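Enquirer: Pasting a structure here, questions to come.
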Amino acid sequence: MAKTGPIIVLDPGKEQTKGNEALFMNIASARAVASLVQSTLGPKGMDKMLIDKLGNVNMTNDGVNILKDIGIENPAAKMVVEVARSMETTAGDGTTSSVILAAALLDKAEKLVKKGIHPTMIANGFRMAEEKALVLLNESAICVTAENQGKILRQVAVTSITGKAPDSQKELLADICVKAAEVVEDDGFVDVRTKIIRVVELQKRIEETEVVEGIALNAGALSRKAPLVVKNPKIALLDIEITAGKTKTGSVMVVSSPEERQKLIDNERQTVLEVTQRIIDTGATVVFTTKAVKPHVLEVFDKHNIFVSRPIEEKTIENISYATGARIVRNPKEISEADLGEAGLLECIAHNNSGKTFVRDGKNSKVATIVVRGETLQHADSVDTAIDDALWVIKSVIEDGKVVAGGGAAESELCKGLRAYATTVSGYEQHVISAFADALEEIPKTLIKNAGLDVIDLSLALRAEHTKNKNAGINVFTGKITDMAEAGVVDTFRLKQNMIKAATEAAVMILKIDDMLRATHKAQIPNAPPQHLAASYNGMAPPQMNERR
């Protein structure tokens, strides 16, 4: 029987990593991602300085922003980053803790694999622990009632803002966020994305940040003759310049005399005035536009006592459309009364060549605007990030009606419950569930470490206290074990629930990878003969290649 040569199945140009080597490589990548944000967790966490290609500096301790900006390339690390992004989307906060938990689960899994437990068995144990942890979390939750809702909303907002904005202003910002959420709440639902608008204003003190019922614009009236107060305004929204219309692309208009040229100019001006009159005939009393308005057009609007704004951004005009029910018009020749929006009041505060405009009581939907003020762009950005996180946690509390104690109390209670549950399970899953509990304990340990406190002593004290008090947590300001519910430090139920789900999902996905194939770049062969080049036929370049530009 003739012997055959080696059978090559894989492309020689691909790198292959198999078995535990691939798993441990992915786990190391996850740990590296967690190490980037671990020091930012908690009110005593550190900040990161991010510098982009243009030299712009951004200082933040927001986990998802850090992970998005540093540009991670490793595939396994990207999976962990997706955990942070999913937390940002669903809970608005908790991105750092979810990444730390995912990395801790994988770290514990690596030790179990080295002891001989198969990754599939570890994944099954993690699923069992996840299911039990969610049950325990629900049992330890604190219910929000109509009597204590206002107090708890303020507490959860303060907890979220602490460490992200100046401590002297965190209570003011929390009150602003609660008020904005209460303005837009609709039958137990808070639409943070579209109904709460944030406007940044620089060279102002942070304590001047305020919430406005309605829409606030950093743009005043275009004309000094415009009315500063318009009751029950009829609002027209234009996303196009008021012109006579453009000729076809590439067309040329030829005139034979100055008189003929002037006649064309007069005809165009007359057409523009007719379009302007059409807008007026709809009954509009307020015009917002994203484009410049010519002086002779503005003069006509002034004669009819119509408020015309300075050019505003496209996003702003979309917000006005949402609040007032006005349709954004991109062809003013076709505007009609049905395109107009309504509101209760328009007010304009003139200031030199700028000003502010407020649109209140939009007839289509309740909208609130938070005017974020800061002395510099960095200050304003940090306040804006803190407000965004606080609004999301307030939304979660209103919609879920549950909170849990903060300061690592919820995780410590889950650790105690999972360790008790592990004793009732036989087989390898018992060790896996205990490892899951140990991974959860990384959250309070990180809080202690970032506060510069003794990790070993306080961790043991926290374990002991949880035999008596389910709400015991770390007060990083005093360095003592405290009842966090009584201290007013609470987190949202949704945040902890999604943290457990997202971290477990990422850990299980990585545990199931036992083979990695990576394509490698082929180096160009130096001094290769013409017949070996890709763009040649037996040494002759094909004609179509020469004709390309």
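Enquirer: Can you tell me which lysines have their Cα less than 27 Å from the Cα of Lys234? Leave out same-chain residues fewer than eight positions away.
Expert: Output for Lys234: Lys195, Lys225, Lys291, Lys294, Lys303, Lys315, Lys333, Lys356, Lys363, Lys366.
Enquirer: Going by Cα centres, segment 435-498 and segment 79-151 are how many Å apart?
Expert: If you average the Cα positions of each part, the centres end up 16 Å apart.
Enquirer: Tell me what the chain gives for mean residue ellipticity at 222 nm when only DSSP H runs of n ≥ 4 count, each as -39,500 (n - 2.57), the sum divided by the residue total, rounded to 500 deg cm²/dmol.
Expert: It lands at -15000 deg cm²/dmol.
Enquirer: Past 23 Å, Cα to Cα: identify those pairs from Lys53/Lys170; Lys68/Lys501; Lys132/Lys468; Lys108/Lys449; Lys44/Lys501, in the order given.
Expert: Beyond 23 Å between Cα atoms: Lys53/Lys170; Lys44/Lys501.
Enquirer: Can I ask one more? Please report the accessible area of Ser382 (heavy atoms, 1.4 Å probe, ligands and nucleic acids excluded) in Å², nearest 10.
Expert: Result for Ser382: roughly 40 Å² accessible.
Enquirer: So how much slack lies between Ala28 and Ser168, counting 0.36 nm per residue of separation and subtracting their Cα-Cα distance, in nm?
Expert: Contour length minus Cα-Cα distance gives 46.4 nm.
Enquirer: With the alpha-carbon atoms as the only input, what is the per residue convex hull volume for the chain in Å³?
Expert: In the chain, the Cα convex hull volume per residue is 267 Å³.
Enquirer: If the cut-off is 12 Å between C-alpha atoms, which aspartates and glutamates fall inside it for Lys179, apart from same-chain ones fewer than 8 positions away?
Expert: Glu210, Glu213
Enquirer: How much area per residue is accessible in the chain when the probe is 1.4 Å and only protein heavy atoms are counted (Å²)?
Expert: In whole numbers, the chain has 52 Å² accessible per residue.
Enquirer: Leaving out ligands, DNA and RNA, and with a 1.4 Å probe, what % of the accessible surface on segment 91-132 is carbon or sulfur?
Expert: Ligands and nucleic acids excluded, carbon and sulfur reach 50 percent.
Enquirer: Okay, moving on. State the extension gain, in nm to one decimal, for the chain segment bounded by Glu241 and Ser35, taking 0.36 nm per residue of separation less the distance between their alpha-carbons.
Expert: Length gained between Glu241 and Ser35: 69.0 nm.
Enquirer: How big is the antiparallel share of DSSP beta bridges in the chain, given as a percent to the nearest 5?
Expert: 70 percent
Enquirer: I would also like to ask the following. Restricting attention to the alpha-carbon atoms of segment 336-391, what are Rg (one decimal) and Dmax (integer), both in Å?
Expert: For segment 336-391, the Cα-based Rg and Dmax read 15.6, 44 Å.
Enquirer: Within segment 135-192, which GluC sites (Glu not before Pro) sit in a loop by DSSP and count at most 13 neighbouring Cβ atoms inside 10 Å?
Expert: Glu147
The values are calculated or read from the model by the stated rules, or taken from the named source; none is laboratory data. Note that the structure is a prediction, hence the values are computed from the model and not measured. Virtual Cβ from ideal backbone geometry, glycine too; neighbours counted across all protein chains shown. Note: areas computed on protein heavy atoms with side chains; ligands, DNA, RNA excluded. Shrake-Rupley method; radii C 1.70, N 1.55, O 1.52, S 1.80 Å.
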